[in-house]
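*Asks:* Below are the structure tokens for one structure; questions will follow.
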Amino acid sequence: MTAASEAIGEKTSRVAVVLVPLLALAIFINYVDRGNLATAAPLIKAQLNITNTQFGILVSAFFWIYAPGQVLAAWMAQKLNAYRTLTIGLALWSIATMLSGFATGFAMLLALRVLLGLGESVGFPASSKLMAQNLPPHLLGFSNGLITAGLMLGPAAGTFFGGLLIAHAGWRVLFISFGALSLLWLVPWLMNTRRLSAEAHTLSSAEPSFAKLLVRRELWGTAVGHFCANYPFYLVLSWLPLYLVKVHGFSLTQMAQLGGLVYVLSAAFVLFFGYLADRWMARGGSSTLVRKTMACIGGLATMVCMLACAEGDVRLAIGGLVLSAVGNGLTTFNLYAIGQTLAGPKAAGKWMGLQNGIGNISGIVGPIFTGWVVDVTGQFGPAFLMAAGVALVGVFCWLVVIPKIEPLDWGQAG
């Protein structure tokens, strides 16, 4: 083994052992903080006199800036480097979370949700760029699984511990304490990345332009597929507490327990399937076969889960929510592994900025549509049926729109 290959191997090991867990923790914090509004919804709606439509707007407002902010985050990751971009973003969203605890009405909450979305938009473009630059494709399964486990465990912890906290101390304490705790992540991150950040800032590598990415069929396949996977997930993330409390009569404690269980199971399945994907590829399975198989089965499972929730029976709804953990486990880590593989080290930041930005338009459309449906019909069923149809479109994208899942040749970048 040459000195160069030993250095690369040492760097890969450091990223896998130190940086990936810290990235996973950052995404965990990201989803705890964005999900606080849903957890506190029953109390906030009553105390601040917020309608279902206004609540849908509050959830959606996060994505007004979060979705286009992905492109800004990708640009910052190129200009400042991904390490510094993630540092700035986390500090911003933690402060926005803390200030939400002092909100006095709809307008103030709306402004802070927009600020939260701006900060949190850096998460996936920055983490995807760091992993694509430092990890080979056959290690992207479990690494993305660990990060998306953070994505699942964030709502689990936020729903469970947040639900218990607001039941005893109120919703304002929830936002203030969670925001303050989020800032503590910066300590180990800065300690472990200061040297790497300085090195990355001195490196220059040509990247393909956004225009060069946007003409690729594969980019649109991953972006629309991402939208279709996010739509049902965000419906559950945003409306699950209110749905369980208002429709099925759950107490805040019961809501916290079931909601937490769904996300914990999702995290367990995403780690298992991420490990399975790496093992499958190590034994000769191609990226195309492994990623498409898992993403399509996951999309179909999600569709079935949404149909079960739409039926209205409490037992079917609970079964559907628990089964949705399988769909989440199969799909979520592959969203990022597919984009990172196609883009390669040169384009991963910009690719994931575009893919995640377009994919998270679902966070703008879904919550408002759901709130409007509930206000007009008094039922959640039509909203769940819509989510089932969207999930099916996602299966078509992974299966048909993307020909092969392998690194694209960017030629002369720029």
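*Asks:* Let's see if you can work this out: charge +1 on each Lys and Arg Cβ, -1 on each Asp and Glu Cβ, no other charges. What is the dipole magnitude of the chain about its Cα centre, in debye to the nearest 20?
*Replies:* Once rounded to the nearest 20, the dipole reads 420 debye.
*Asks:* Show which aspartates and glutamates lie in cross-link reach of Lys129 when reach means a straight Cα distance below 12 angstrom and same-chain residues fewer than eight apart are skipped.
*Replies:* Correct list for Lys129: Glu207.
*Asks:* Toward the positive end of the charge dipole of the chain, about the Cα centre and with charges on Cβ (Lys, Arg +1; Asp, Glu -1), which of Gly259, Ala96, Gly319 goes farthest?
*Replies:* Looking along the dipole axis, the top candidate is Ala96.
*Asks:* Another question about this same structure. Looking at the chain, do any whole DSSP H helices span at least 30 angstrom along their long axis by alpha carbon and average 0.0 or above on Kyte-Doolittle, and which?
*Replies:* Values: long enough: 52-79 (41 Å, 0.69); 140-169 (41 Å, 1.26); 217-246 (43 Å, 0.58); 252-282 (45 Å, 1.14); 287-310 (34 Å, 1.36); 314-359 (48 Å, 0.60).
Both cut-offs are met by 52-79, 140-169, 217-246, 252-282, 287-310, 314-359.
*Asks:* Using just the alpha carbons, could you tell me how many Å³ per residue the convex hull of the chain encloses? Intermediate values should be presented prior to the final figure.
*Replies:* On the way: hull volume 50.9 nm³, N = 414.
Roughly 123 Å³ of hull volume per residue.
*Asks:* Bin all alpha-carbon pair distances of the stretch 13-122 at 5 Å intervals from 0 and give each bin's fraction as a whole percent.
*Replies:* Percent of pairs per bin, in order: 2, 12, 21, 22, 17, 11, 8, 4, 2, 1, 0.
*Asks:* From the helices alone, meaning DSSP H stretches of at least four residues, give me the mean residue ellipticity at 222 nm for the chain, per-run term -39500 (n - 2.57), in deg cm²/dmol to the nearest 500.
*Replies:* Theoretical 222 nm ellipticity from helices: -28500 deg cm²/dmol.
*Asks:* While we're looking at this one, here's another question. Given Cβ point charges of +1 (Lys, Arg) and -1 (Asp, Glu) and nothing else, what value in debye, to the nearest 20, does the dipole of the stretch 309-414 about its Cα centre take?
*Replies:* Numbers: 4 positive and 5 negative charges, 57 e Å.
The dipole of the stretch 309-414 has a size of about 280 debye.
*Asks:* As a quick test, which of the pairs Lys79/Lys212; Lys292/Lys350; Lys79/Lys292 have an alpha carbon distance above 27 angstrom in this structure? Can you show the working numbers first?
*Replies:* Details: Lys79/Lys212 18 Å; Lys292/Lys350 22 Å; Lys79/Lys292 33 Å.
Violating the 27 Å Cα-Cα cut-off are Lys79/Lys292.
*Asks:* What's the center-to-center distance, using Cα atoms, between the stretch 132-155 and the stretch 23-97 in Å?
*Replies:* Going from one Cα centre to the other spans 20 Å.
*Asks:* Give me the extension gain from Asp313 to Lys246: residue separation times 0.36 nm, minus the current Cα-Cα distance, reported in nm with one decimal. Before the final figure, lay out the partial values.
*Replies:* Numbers: separation 67, 0.36 × 67 = 24.12 nm, distance 1.39 nm.
Answer, rounded to one decimal: 22.7 nm.
*Asks:* With charges set only on the Cβ (+1 for Lys and Arg, -1 for Asp and Glu), what does the dipole of the stretch 195-294 come to about its Cα centre, in debye to the nearest 20?
*Replies:* Values: 9 positive and 4 negative charges, 50 e Å.
Value, rounded to 20: 240 debye.
*Asks:* Which one, Cys305, Ser127, Pro382, is farthest towards the positive end of the dipole of the stretch 11-401 when Lys and Arg carry +1 and Asp and Glu -1 on their Cβ?
*Replies:* Ser127
*Asks:* Would you pull out the residues with amide H under 5 Å of Glu207's amide H, same chain only if 5 or more places away, H placed 1.01 Å from N?
*Replies:* Residues meeting the amide H criterion: Gly414.
*Asks:* Now a separate question. Which lysines, on any chain, are close to Lys45 with Cα under 24 Å apart, when same-chain ones fewer than 8 places away are left out?
*Replies:* Lys246
*Asks:* A follow-up question, please. Name the residue from Tyr83, Trp171, Pro241 whose Cα lies farthest towards the positive end of the charge dipole of the stretch 11-401, charges +1 on Cβ of Lys and Arg and -1 on Cβ of Asp and Glu.
*Replies:* Tyr83
*Asks:* Of the residues Leu116, Leu289, Leu92, which exhibits the maximal mean-square fluctuation in a Gaussian network model of the chain defined by a 10 Å Cα contact cut-off?
*Replies:* Among Leu116, Leu289, Leu92, the largest mean-square fluctuation in the Gaussian network model of the chain belongs to Leu289.
Here, each number is a calculation from the coordinates, and none is a lab measurement. These numbers come from a predicted model, not from an experiment. Cβ: placed from backbone, ideal geometry, glycine included. Neighbour counts: every protein chain shown.
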